[in-house]
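Structure, as structure tokens:
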Amino acid sequence: MKSINHHLTDQLLMGYSAGSLPEAFNLVVATHVSLCDECRARMHEFDAVGGVLMDEAGIEAVSDDCLAATMALIAAAPVEVKPAPAPAVSSIFPAPLQDYVGGDLDAVEWRRIGGGVSQAILQTSDEATVRLLRIPAGVAVPDHGHGGMELTLVLQGAFRDETDRFGPGDIEVANEEMVHQPVAEAGLDCICLSATDAPLRFSGILPRMAQRVFGI
Ligand code: ZN
Ligand code: ZN
């Protein structure tokens, strides 16, 4: 997908490659990587480093020299990455997400969580939660902080917050220090895939009450 402006961090790509992320985050990473040639290439590099380190060192500690040599090897011989297959015209969900939902957008069972916003929580392991969010065009999500990390991938439409604009394929990485109020752009409803490893911290009393009821 062209015109992706916001990407995964190396830390997340490495975590995915090493298999150390919670399942909910893995799904968001895999879905972004399926859309983004740049992150897919970077991911292959980390996979290659992991493979070489395992071959050469087994479970022994790896020397800096070995790591430097490995990185030089990678720089010298970039992995050729095939472009992602073009998705069918009607599909909004990339393949990794379709596997979780059991279909495309029409297979989602939405629950309203107030303010016109709907969500569908996907089944994953307990360490973190991943949900689809549908924010009507022009509508704001209540401003909130984060108890941990929040990864948000835009699938349709776009939103803006205090930091920037996020369109299809873009990913926003929010952490404890960040408070923001995402607002869906006019036009299309904004559909996002969002993973969190701790509850959000809402500023307003109504969102806090909704949080208790809906577990967002
Ligand atoms: Zn990317
Ligand atoms: Zn947030």
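The values are calculated or read from the model by the stated rules, or taken from the named source; none is laboratory data. Since we're looking at a predicted model, the values are computed, not measured. Glycine also receives a Cβ, built like all others from the backbone with ideal geometry; neighbour counts cover every protein chain displayed.
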Assess whether A137 counts as being at pLDDT 95 or above, farther than 29 Å from D10 by Cα and more than 16 Å from ligand 1 (Cβ to nearest atom).
-> yes
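Going by the structure shown, is E150 of a type outside the set (V, I, T) and modelled with pLDDT of 95 or more?
yes
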Which residues, counting only those in the range 116-147, are of a type outside the set (V, I, T), surrounded by 15 or more Cβ atoms within 10 Å (Cβ to Cβ) and within 16 Å of ligand 2 (Cβ to nearest atom)?
-> Q119, A128, R131, L132, L133, R134, A140, P142, D143, H144, G145, H146
Closer than 15 Å to I92 by Cβ and either within 15 Å of ligand 2 (Cβ to nearest atom) or part of a strand (DSSP E or B) (or both): does that describe V173?
-> no
Taking strands (runs of 3 or more DSSP E) that do not extend beyond the range 106-150, which have at least 2 residues that are among the β-branched types (V, I, T)?
-> 129-135
Might you let me know whether the range 150-159 holds any residue that is without any contact (Cβ under 8 Å) to a residue 60 or more places away in the chain, of a type in the set (G, A, S), crowded, with 16+ Cβ neighbours inside 10 Å and away from ligand 2 (no atom under 14 Å from the Cβ)?
-> yes
Scanning the range 1-29 for residues that are within 12 Å of ligand 1 (Cβ to nearest atom) and under 8 Å from the mean Cα position of the chain (by Cα), the one nearest to Y100 (Cα to Cα) turns out to be V28
Note on the range 1-26: residues part of a loop (DSSP other than H, G, I, E, B) and surrounded by 21 or more Cβ atoms within 10 Å (Cβ to Cβ) are L8, L21
For I92, the lone unmet condition from (1) modelled with pLDDT of 65 or more; (2) over 30 Å from P199 (Cβ atoms); (3) in contact with a helix residue (DSSP H, G or I) (Cβ under 8 Å, 6 or more places away or on another chain); (4) not in a helix (DSSP H, G or I) is (2)
For the range 177-192, does any single residue satisfy the condition of being within 16 Å of D143 (Cα to Cα), touching a residue at least 60 places away in the same chain (Cβ under 8 Å), under 21 Å from the mean Cα position of the chain (by Cα) and more than 16 Å from ligand 1 (Cβ to nearest atom)?
-> no
